[in-house]
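Please read the structure below before turning to the comments.
Bear in mind these aren't lab numbers, they're just calculated from the coordinates by the rules spelled out. Quick caveat, the model's predicted, so the values are computed rather than measured. So basically every Cβ, Gly included, is an ideal-geometry build from the backbone, and we count neighbours across all protein chains shown.
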Amino acid sequence: MSSKLSQMIKIISKSYSLQQAKQEAVWISQELPESKWFDACEKRSNLVPLQYILGNQPFGKLDIKCEEGVLIPRLDTEEWVLEATNLLKNINIDNLIDYCTGSGCIGLGFASELNNLKNLDCIDFNDNAINLSIKNLNHNKIFFKKTNINIYKGNLLKGFLPSINENSISLLLSNPPYIPKNDLNKNNVEESVLKFEPKEALLGDIEFYDALCTKILQKNNSFKGFIFELGYIHQAEIVNKLLNNNQSWKIGIRNDQSGNLRNVIGWKVDSEFTILEKMVHTCF
């Protein structure tokens, strides 16, 4: 092992385990020019997320650029995106709407995997997120040859919805802010997340799921399915409560590979999206 690499490991291990420090030191040496190695290690020892330091995060077949001010894509999110797209590969989808798009990883992840997707609209109210999602669209454009993609600035809570034909087949996606304020400082949120990732992308609760249901799903009959990321059962329950008066919806919850609650998923009975039931562990 070179002396420089040993020094890098020593710096990072001030805040992380030796095994993690070794792995991250190697990544830094592979991804960054040598002149930036030690500065990167100092930042990491001060808990700056590695994705902000390296500037990217793999997501499926995509290379997603990461910048401070925008939430970093998670492996848990990549997991359900790939699971869903594998099920939907042979389904013709006219419109895919991705609210709270952030880096664009979810919507662009779907577009990169689905050959039968006509239109993708990614929406966020944050200028940093809009600018970064446009960068990620351009950076990965080789994967989006068959899909028309638009990125909009719009506020979900105010009911912003791009123009969609009522007779089309649409799927709604969202990973909204879902950590209640009282839970943000608990042990389940890493210190590096609290210090460096945007709180506006983390702090939220049922108001976002209420808006997704009442301002979007109930306002346009073209939506035949939805997948929302969440962190609490009461968020799934509010979605079910808002939609269960309409007998055409079937709704369930999905746990991730670690057994943690991760999604609420819905599909119209007898629609193309009944296949999403394969993702669900428990139906309401």
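For the reader, a short list of remarks on this structure follows.
- Axial C-alpha extent at least 15 Å, average Kyte-Doolittle at least -0.5 - helices from the chain (DSSP): 75-88, 233-243
- Cα-based reach from Lys215 at 19 Å (exclusive), listing aspartates and glutamates while leaving out same-chain residues under 8 positions away: Asp98, Asp121, Asp124, Glu166, Asp205, Glu207, Glu229, Glu237
- In terms of distances greater than 18 angstrom between alpha carbons, the cross-link table entries Lys89/Lys118; Lys61/Lys146; Lys14/Lys43; Lys158/Lys195; Lys61/Lys135 yield Lys158/Lys195.
- Amide hydrogen neighbours beyond the local backbone of Val280, cut-off 5 Å, H modeled: none
- Derived scalar couplings ³J(HN,Hα) [region 203-210; Karplus, 6.51 cos²θ - 1.76 cosθ + 1.60; whole Hz; x for Gly, Pro]: 7, x, 7, 5, 4, 6, 6, 4
- Take the Cα of His281, go 7 Å toward its beta carbon, and the backbone nitrogen atoms of region 195-238 under 19 Å from that spot belong to 227-238.
- Projected label distance in nm at Trp27 and Lys145, using a 7 Å step from Cα toward the beta-carbon: 3.1 nm
- Partners for Lys199 among aspartates and glutamates (Cα-Cα distance below 14 Å; same-chain residues under 8 apart left out): Glu68, Asp183, Glu190, Glu191
- Table column - 3J(HN,Hα) (Hz), region 190-196, Karplus curve with 6.51, -1.76, 1.60, x for Gly and Pro: 5, 4, 5, 5, 4, 7, 10
- Across the chain, the convex hull enclosing all Cα atoms gives 131 Å³ per residue.
- Dipole-positive endmost among Asn245, Leu132, Phe160 within region 75-283 (Cβ charges, Cα centre): Phe160
- Among beta bridges from DSSP that stay inside the chain, the antiparallel ones total about 45%.
- Sum of -39500 (n - 2.57) over DSSP H runs of 4+, divided by residues of the chain (222 nm, nearest 500): -10000 deg cm²/dmol
- Rounded to the nearest 20, the size of the Cβ-charge dipole of the chain about its Cα centre is 280 debye, with Lys and Arg at +1 and Asp and Glu at -1.
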